[in-house]
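Below: the structure, in structure tokens.
Every number here is computed from the coordinates shown, using simple stated rules; none is lab data. In this text, all values refer to a predicted model and were calculated from it rather than measured experimentally. Cβ placement follows ideal geometry from the backbone for every residue including glycine, while neighbour counts extend to all protein chains displayed.
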Amino acid sequence: MKLVGVGIGPGDSQLMTYKAVLMINEAKYVFVPESKGKSLAYEIAKPYLIDKEVIFLETPMGQDNKERYKDYAKKIFEMTGDDISVFLTLGDSSVYSTFTYISKEFKKLGGEVEFIPGITSFSAAASVLNIPLIEKGEKMIVCDSLDGVNLINIDTVVILKTVEKEKLIERLEKEGFYYYYVKRCTQFGEEIISDKEKILDDRDYLSLIVAKRSEEDWFTL
Ligand SMILES: C[S@@+](CC[C@H](N)C(=O)[O-])C[C@H]1O[C@@H](n2cnc3c(N)ncnc32)[C@H](O)[C@@H]1O
């Protein structure tokens with residue numbers, strides 16, 4: 001019994017890896033997170049799910065679902081039996097992913113887990129911004145909060161789950177960073193926003209901030 005967390009990339013179905021598709025083909029069941037009856041993961045992977053048995057698991061975005069994950073791990077464990085199932089995750093399966101919680105619970109039940117990587121949201125953001133994220137000798141931090149983070153030697157900051165935007169932006173400005181807010185990278189509704197007020201007004205969960213020390217890095221925009 002094995003559960004494979006498959007990273008399906010940031011949104012464009014063409015950015016799914018060949019291995020992700022092979023793994024889906026091999027699986028008995030495809031478990032897919034959904035929120036209020038909608039599943040972006042399903043929409044992304046849809047071209048590769050023909051004739052597959054798909055099971056939707058309600059996992060509201062931006063909420064603490066830890067208790068649900070225990071139940072889901074048990075359900076997946078019982079349904080999978082001696083076979084292999086996959087669990088689809090946006091971006092990479094090891095980065096702030098629902099799968100990381102479910103995999104831990106699945107292991108506790110005695111199951112085997114595997115992570116298949118995917119293209120992260122921030123790699124996609126770099127491509128949308130048309131900039132290098134990090135170059136030789138530089139340092140980058142990927143985080144979901146700047147609390148307790150020392151930015152003194154950091155060249156690039158990537159912030160996912162940009163909930164406390166006001167606080168984040170204030171800190172970035174204070175420390176001399178230039179930043180962009182990118183939402184829905186490689187998806188319908190993709191947008192790059194640089195205006196501070198517009199960034200603060202936006203409430204889209206599928207958004208991130210890329211900040212760099214040097215203004216020159218944005219030359220291609
Ligand atoms: C639960 S984390 C998943 C991260 C994902 N595993 C990855 O590798 O990028 C969800 C956060 O990822 C970011 N995110 C995921 N997909 C995105 C996209 N297409 N565009 C912008 N941000 C995205 C947002 O910051 C969102 O709040």
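Remarks
- Spin-label model, Met79/Lys104: points 7 Å from Cα along the beta carbon direction are separated by 2.3 nm.
- Reachable lysines, given that their alpha-carbon falls under 18 Å from the alpha-carbon of Lys66 and they are not under 8 places away in the same chain: Lys36, Lys74, Lys75, Lys104, Lys107, Lys108, Lys161
- Amide hydrogen neighbours beyond the local backbone of Glu58, cut-off 5 Å, H modeled: Glu34
- Seen through its C-alpha gyration tensor, with square-root eigenvalues sorted a ≥ b ≥ c, the stretch 128-221 comes out oblate because a/c lies at 1.5 or above while a/b is not bigger than b/c.
- Taking Cβ atoms as reference points and 12 Å as the exclusive limit, the residues near Asp195 contribute a net charge of -2, counting Lys and Arg as +1 and Asp and Glu as -1.
- Per DSSP, loop GluC sites (Glu not before Pro) in the stretch 119-221 with at most 13 further Cβ within 10 Å: Glu135
- Whole-number percent relative contact order across the chain, with pairs defined as alpha carbons under 8 Å at least 6 apart: 23 percent
- Highest-fluctuation residue, Asn130, Asn25, Asn153 considered, GNM on the chain with Cα pairs under 10 Å: Asn153
- Residue-averaged [θ]222 nm for the chain, counting only DSSP H segments that reach four residues, each worth -39500 (n - 2.57): -8500 deg cm²/dmol
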